[in-house]
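The values are calculated or read from the model by the stated rules, or taken from the named source; none is laboratory data. No experiment lies behind these values; they were computed from the predicted model shown. With ideal geometry, Cβ positions are generated from the backbone for all residues, glycine too; neighbour counts draw on all protein chains shown.
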Amino acid sequence: MTEKQSILGRVAQLAKANINALIDRAEDPQKMLDQLIRDYTNSIAEAETAVAQTVGNLRLAERDHDDDVSVAADWGRKAQAASDKAEQLRAAGDAAGADKWDGLAKVALGKQIQFEKEAKDAEPLIASQTETVDKLKTGLTGMKDKLSDLKSRRDQLVARQKTAEAQAKVTDAISSINVLDPSSELSRYEDKVRRAEAQAQGKAEVASSSLESQFAELQTDSDDLEVEARLAALKHKA
């Protein structure tokens, strides 16, 4: 009985536990919840065993009580039958026979009283065991609700932790990019491209100037030839 009371106390204590307060005080909430889940699971298994044992004992006590009540009633009927037989013999003038059956009636009544007393003595124990079973069942229900809540909280906490870790990685990556400042590298590369473009444009302009000067020289030679040709024509007319 002491063991069952101890388990009943643990059931009540765990069922009343403030999960939010436990989480707030824990250094590592996930580990704390995992440990609580293990404790609750073990305690529920122990409590279920205690309930099964208590229910079994209760059912035995109830059957014994019912048997005592039934046997007491049977002895009562036997006492009545013996008493009736004694009265019949006494009415018939058989005093000795009547006394014999009255003696048997007394024996039967003694048995009836014995079994009635045993049944009555068992009733407080049955009531106590019934109360214990009810409390254990109520505690078990509360513990199972708590266990379900714990598992849900643990799953939510794990999901939140993974989300936080992912956010931290993104933040670290962004910070790393800011430290490297890739825009400065792009600016230098852009300046290099602009210088290359300017150089190419300069070469093109130089090439264009050279080509124009050559065509200019060609034009000058052509003009000189035209002058010479016209001069020759004038002399020929003369």
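Of LYS144, LYS235, LYS203, all but one fail to be modelled with pLDDT of 80 or more, at negative phi and not aliphatic (A, V, I, L, M); the exception is LYS144. The condition of being of a type in the set (S, T, N, Q), assigned to a helix (DSSP H, G or I) and either closer than 30 Å to MET32 by Cα or touching a Cys at 6+ places or on another chain (Cβ under 6 Å) (or both) does not hold for THR54.
Could you tell me how many of the residues in the stretch 30-60 are touching a Leu at 6+ places or on another chain (Cβ under 8 Å) and not hydrophobic (A, V, I, L, M, F, W, C)?
Filtering the stretch 30-60 for residues touching a Leu at 6+ places or on another chain (Cβ under 8 Å) gives 30, 32-33, 36-37, 39-41, 43-44, 47-48, 50-51, 54.
Filter once more, keeping what is not hydrophobic (A, V, I, L, M, F, W, C): 30, 39-41, 43, 48, 54.
The total comes to 7.
For the stretch 60-71, indicate whether the set of residues that are in the same structural domain as LYS162 (by TED's automatic domain parsing), under 40 Å from the mean Cα position of the chain (by Cα), among the hydrophobic types (A, V, I, L, M, F, W, C) and at pLDDT below 85 is non-empty. There is no residue in the stretch 60-71 that is in the same structural domain as LYS162 (by TED's automatic domain parsing), under 40 Å from the mean Cα position of the chain (by Cα), among the hydrophobic types (A, V, I, L, M, F, W, C) and at pLDDT below 85.
Is at least one residue of the stretch 130-142 more than 30 Å from ALA45 (Cβ to Cβ) and free of Cβ contacts under 8 Å to residues at least 60 places away in the same chain? Even if it seems obvious, please write down each step before you answer.
Residues of the stretch 130-142 more than 30 Å from ALA45 (Cβ to Cβ): none.
No.
Does ARG77 meet the test of being in a helix (DSSP H, G or I), charged (D, E, K, R), exposed (fewer than 14 other Cβ atoms within 10 Å of the Cβ) and at pLDDT 95 or above? It is true that ARG77 is in a helix (DSSP H, G or I), charged (D, E, K, R), exposed (fewer than 14 other Cβ atoms within 10 Å of the Cβ) and at pLDDT 95 or above. Within the option set VAL55, VAL69, VAL51, VAL107, being in contact with an Asp or Glu (Cβ under 9 Å, 6 or more places away or on another chain) and either surrounded by fewer than 16 Cβ atoms within 10 Å (Cβ to Cβ) or of a type in the set (Val, Ile, Thr) (or both) holds for one residue only, VAL69. Would you point out the residue of the stretch 110-144, among those that are acidic (Asp, Glu) and surrounded by fewer than 16 Cβ atoms within 10 Å (Cβ to Cβ), that is farthest from ALA73 (Cα to Cα)? Taking the candidates together, the pick is ASP134. Determine which single condition GLY93 fails, assuming it passes every other condition in (1) part of a helix (DSSP H, G or I); (2) at positive phi. Among (1) part of a helix (DSSP H, G or I); (2) at positive phi, GLY93 violates only (1).
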